[in-house]
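The values are calculated or read from the model by the stated rules, or taken from the named source; none is laboratory data. Just so we're clear, the structure is a prediction, and the values are computed from it rather than from any experiment. Note: ideal-geometry Cβ built from the backbone for every residue, glycine included; neighbour counts use all protein chains shown. These accessible areas exclude ligands, DNA and RNA; they are computed on the full protein's heavy atoms, side chains included. Shrake-Rupley method; radii C 1.70, N 1.55, O 1.52, S 1.80 Å.
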Amino acid sequence: MAHIIDGKKIAGDLRAQLAVACETLNQTRGIVPGLAVVLIGNNPASEVYVRMKKKACADVGIASFSHELPADTSQETLLSLIAVLNVDPKIHGILVQLPLPHHIDAATIIQAISPEKDVDGFHPVNAGLLATGSPGLRPCTPLGIMALIENAGMDPSGKHAVIIGRSNIVGKPVALMLLQAHATVTICHSRTHHLDQVVAAGDIVVAAIGQPRFVQGDWIKKGAIVIDVGTNRLDDGSLCGDCDFASAKQRAGAISPAPGGVGPMTIAMLLANTVQAAKQS
Ligand code: NDP
């Protein structure tokens with residue numbers, strides 16, 4: 001039976017360390033890390049995420065500055081706000097909650113954020129720094145996945161990592177991070193043939209698909225580390241991951257549950273990036 005990787009506990013430990021780092025920054029340099037949180041419209045899921053992020057900031061000593069704007073806010077208005085935040089010395093990180101309304105181009109908005117304040121790690125400059133293995137702000141969910149793998153006691157060096165999903169926010173960046181950690185990396189997507197056989201070769205499996213309980217336990221190599229990124233809402237309102245947890249935990253050596261695995265780590269890494277940006281300011 002697999003070891004269950006407790007994302008809540010690992011995230012809690014990281015948050016405690018960040019609280020100390022915030023205190024030290026304040027005492028030694030008089031800096032209070034500041035995160036601007038921009039929310040456009042009333043997407044209920046986004047409202048929940050923003051509330052959780054603001055509470056997490058308060059818990060560790062990061063000042064959060066809310067900018068909640070109506071759904072019909074123009075792209076120009078949002079760009080003007082970002083221009084102001086980019087030069088505000090109290091703000092070290094800028095988070096624009098995605099998805100944005102259809103009339104706003106997310107790529108244009110992301111590119112307008114100063115790369116030094118891009119705590120989501122989505123700006124092309126930070127994506128390029130990741131691709132070339134240079135220091136920069138990294139996307140939060142992949143950072144959280146790497147921390148979970150490390151916590152499970154697995155050094156990725158020489159291991160075969162199979163990533164299912166190639167999005168810019170999860171699949172691609174985590175593949176680059178695992179490559180940098182010297183894993184042999186396979187990236188799968190919706191056109192991959194014989195996915196079950198590819199997954200069966202993985203010492204590390206990262207499922208970031210968005211399909212409830214898609215990855216079956218009998219696909220998993222015995223003893224593999226499985227990180228389930230999926231956050232899927234079922235008809236009864238409950239959440240489940242992209243892996244069939246009940247069967248996967250019979251074969252995996254360690255597995256992160258969903259919820260309770262990657263989700264708390266994503267928020268903790270947002271805080272870590274904000275503290276990093278503040279230190280470098
Ligand atoms: P996207 O929808 O952007 O990407 C999904 C990826 O999965 C695509 O690359 C797609 O392939 C691939 N895919 C879809 N169906 C299949 C299939 N049948 N077989 C193989 N590959 C498939 O999703 P995200 O990366 O944004 O998110 C993935 C999941 O992770 C979602 O459940 C999301 O909610 C969750 N998530 C959780 C976070 C957290 O903090 N816990 C943070 C971010 C995401 P193709 O490219 O060919 O279409």
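At-a-glance table
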{"read-out": "Region 96-130: number of residues that are in a loop (DSSP other than H, G, I, E, B) and under 17 Å from the mean Cα position of the chain (by Cα)", "value": "9"}
{"read-out": "Only one of A107, A71 that is open to solvent by 30 Å² or more (accessible area, probe 1.4 Å), away from the ligand (no atom under 16 Å from the Cβ) and among the hydrophobic types (A, V, I, L, M, F, W, C)", "value": "A71"}
{"read-out": "Failed item, numbered, when K221 is tested on (1) away from the ligand (no atom under 11 Å from the Cβ); (2) open to solvent by 40 Å² or more (accessible area, probe 1.4 Å); (3) in contact with a His (Cβ under 7 Å, 6 or more places away or on another chain)", "value": "(3)"}
{"read-out": "Among residues of region 200-212, those that are within 16 Å of the ligand (Cβ to nearest atom), open to solvent by 10 Å² or more (accessible area, probe 1.4 Å) and in contact with a strand residue (DSSP E or B) (Cβ under 6 Å, 6 or more places away or on another chain), counted", "value": "3"}
{"read-out": "Single residue of region 224-239 satisfying the filter (touching a residue at least 12 places away in the same chain (Cβ under 8 Å), surrounded by fewer than 24 Cβ atoms within 10 Å (Cβ to Cβ) and closer than 23 Å to P139 by Cβ) that is farthest from the ligand (Cβ to nearest atom)", "value": "L239"}
{"read-out": "Top-ranked residue in region 113-160 [being touching an Asp or Glu at 6+ places or on another chain (Cβ under 7 Å) and touching a residue at least 24 places away in the same chain (Cβ under 8 Å); ranked as surrounded by the most Cβ atoms within 10 Å (Cβ to Cβ)]", "value": "P139"}
{"read-out": "Pick from region 184-199, criterion open to solvent by 10 Å² or more (accessible area, probe 1.4 Å) and among the hydrophobic types (A, V, I, L, M, F, W, C), ranking: nearest to the ligand (Cβ to nearest atom)", "value": "L195"}
